[in-house]
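Below: the structure, in structure tokens.
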Amino acid sequence: MSLMSTINTALRTQLATLISAMQYEFVNCELVSEQGRKIFRIYINRENGITADDCAKVSRQVSAMLDVDVPFDGRYTLEVSSPGIKG
């Protein structure tokens, strides 16, 4: 079973609602395994771009939400990032 299949629609909806309430766009999320670690990566965007402070702010709020209802088994690292430059 792929890690991606563990991100259900309800979690995506919760994330989109929280992030849009913070005036950001929820772009996507993924659960990946890198060097034996689970990483839950969330991509956000905004019209004028995303700063490291934006990522930290969203990370704190998402982390608090996930602490209430832990979506994954075992340990994982939460990362918040921008989707990057589109070419």
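Please work out which residue is surrounded by the most Cβ atoms within 10 Å (Cβ to Cβ), limiting yourself to the stretch 70-87 and to residues that are within 19 Å of R12 (Cα to Cα), touching a residue at least 12 places away in the same chain (Cβ under 8 Å) and not hydroxyl-bearing (S, T, Y).
V80
Restricting to the stretch 32-53, name every residue that is among the hydroxyl-bearing types (S, T, Y) and more than 22 Å from D73 (Cα to Cα).
Passing the criteria: only T51.
Which pairs turn up if I take residues in the stretch 45-68 that are free of Cβ contacts under 8 Å to residues at least 24 places away in the same chain and look for partners that are of a type in the set (S, T, Y) with beta carbon separation below 7 Å, at least 6 apart in sequence or on another chain?
Partner pairs satisfying both residue conditions: R46/Y24.
The numbers here are math on the coordinates, done by the rules we state, and not lab data. What you see is a predicted model, and the numbers here were worked out from it, not measured in a lab. Cβ sites come from the backbone with ideal geometry, for glycine too, and all protein chains shown count toward neighbours.
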